[in-house]
Amino acid sequence: MEAELDQKLTRRETKKEVIKKNLSKEEMEGLKWLEYMTEEGKLSVVEADKGGAILIVNPELLRKKTLEKLENPNLYNKLAEDPTHNLHHELFTKWVEGKEKSLIHPETAKSIMGVSDNNSTRDDKDKTNAKSTSSHHKPGKAYFYPSIKIHKLTKQELVPGVEPPVRLVTALHEGIAKRSDVFLASEYFKDLEKDYCKDLLTDSTDALKWLEAVNHDVSDKYCLRAFTFDFKALYDSLNPSLVKEALQHAMSTARENWSPEFCKWLIDLVDISLRSSVGCYENQWYAQKNGVPTGGSLCVQLANITVYYVMHKCVYDNPKLMEHVSALKRYIDDGAGFFSSTERKFNQWICAINEALKNYGLLIDESEWKDVGEFVAFLDIKYCFDNNGNLQTDLHLFDYAYFLATDNSTRLIHSFS
């Protein structure tokens, strides 16, 4: 029996597995060429800002777009020196304060920020609150990279050599407040965002559930026109003082059991986090002048809470502005819903919203209204009600890849689906 088993195992080990290739010879050559070009620094492969499309671009385009943002004095300040030490010390001190005032458990302060819980002497009851020397608790160095917004261009404009608009991301996953931000988001702000923002959708599945609810609850569906809208440069437009005001309102509304002292501590941590949105590019340090930095753990929650605070204050609680709106939901800076009147009335409605929002620095710069039976695209779906009042949905498909680099080669200069 053992000899037979050994024989079977030997045959299995010596048997060669035949792996069937799923790429043609030409596709394999193209992949090897692309690998070579990226290794040589002649091409970069990046993901688009929305939709998941893959872009093949000239690295110089990424550098140019990054510097266009960083060198804009309205957006960023150049710093004379690395501010990491001072900002991290301020953040650490705020966590010590939270520990000393029993706003946070000592073990949490130790785990998140490395606040020591050791006694200063054997007989001394006072804690040293010294900083941990572990590299685990030391801040890293944040950097910048552009996220290309091809959704702002038409398909005809997406040709090799085009320069699409970009959103500059601050990669804060190695930044000054990285550990504090991750803790605040997971422990407090994600649930607060969910409970406070009544207009929020989390993904395409959530959007489909919302559409089914509209289909079930709303009458006269045969006259409802689908619409979408988009806030212009949302993250850059959010004033830090407005963000903290909105956060205070969210906590006082949805977290009545949180003490004023604890809420203030949280807001102080957010303030330090926003001021810590600094990064280094080509050995130069930059600090964002305004807005909520994208790329951080708190950016989505802070943006959603702030937008809901302003929209609730200026739009949702205004019966005149909501007269023709049968339903409205939002995914960060993208809105969607149903409108019961004409396209002219819809455009007037968008103008009225912008007038109401202008004092808060927010602007809807893109919107779309479609007649009954015509789809609008939102997230990964398309939706509308047809002439009989039946809900219609479909997938909103994105092209898989675009070659946007300016190159003499004739390879890959088309889109792949």
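The values are calculated or read from the model by the stated rules, or taken from the named source; none is laboratory data. Since we're looking at a predicted model, the values are computed, not measured. FYI the Cβ positions are ideal-geometry reconstructions off the backbone, even for glycines, and counts take in every protein chain you see. These area figures cover heavy atoms from the full protein model, side chains too; ligands, DNA and RNA do not enter into them. Shrake-Rupley method; radii C 1.70, N 1.55, O 1.52, S 1.80 Å.
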Given (1) over 30 Å from T66 (Cβ atoms); (2) in contact with a strand residue (DSSP E or B) (Cβ under 8 Å, 6 or more places away or on another chain), E323 misses just (2)
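Condition check ((1) of a type in the set (S, T, N, Q); (2) open to solvent by 60 Å² or more (accessible area, probe 1.4 Å); (3) touching a strand residue (DSSP E or B) at 6+ places or on another chain (Cβ under 8 Å); (4) closer than 20 Å to W210 by Cα) across all residues:
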| position | (1), (2), (3), (4) |
| --- | --- |
| K313 | no, yes, no, no |
| Y331 | no, yes, yes, yes |
| I350 | no, no, yes, no |
| N359 | yes, yes, no, no |
| F375 | no, yes, yes, yes |
| F385 | no, no, yes, yes |
Is it true that I112 is modelled with pLDDT of 90 or more, of a type in the set (A, V, I, L, M, F, W, C) and assigned to a loop (DSSP other than H, G, I, E, B)?
no
Please name all residue pairs, on different chains or six or more residues apart, with Cβ atoms under 7 Å, provided the first residue is in the range 196-215 and is touching a residue at least 24 places away in the same chain (Cβ under 8 Å) and under 17 Å from V376 (Cα atoms) and the second residue is among the hydroxyl-bearing types (S, T, Y) and in a loop (DSSP other than H, G, I, E, B).
none
Just checking, does the range 41-61 include any residue being closer than 18 Å to P165 by Cβ, free of Cβ contacts under 8 Å to residues at least 40 places away in the same chain, open to solvent by 50 Å² or more (accessible area, probe 1.4 Å) and over 22 Å from the mean Cα position of the chain (by Cα)?
yes
Restricted to the range 22-39 and to residues being under 18 Å from N58 (Cβ atoms) and open to solvent by 100 Å² or more (accessible area, probe 1.4 Å), the residue farthest from the chain's Cα centre (by Cα) is Y36
Filter result for the condition that a residue is among the basic types (K, R), in contact with a His (Cβ under 9 Å, 6 or more places away or on another chain) and open to solvent by less than 50 Å² (accessible area, probe 1.4 Å), over K99, K65
K99
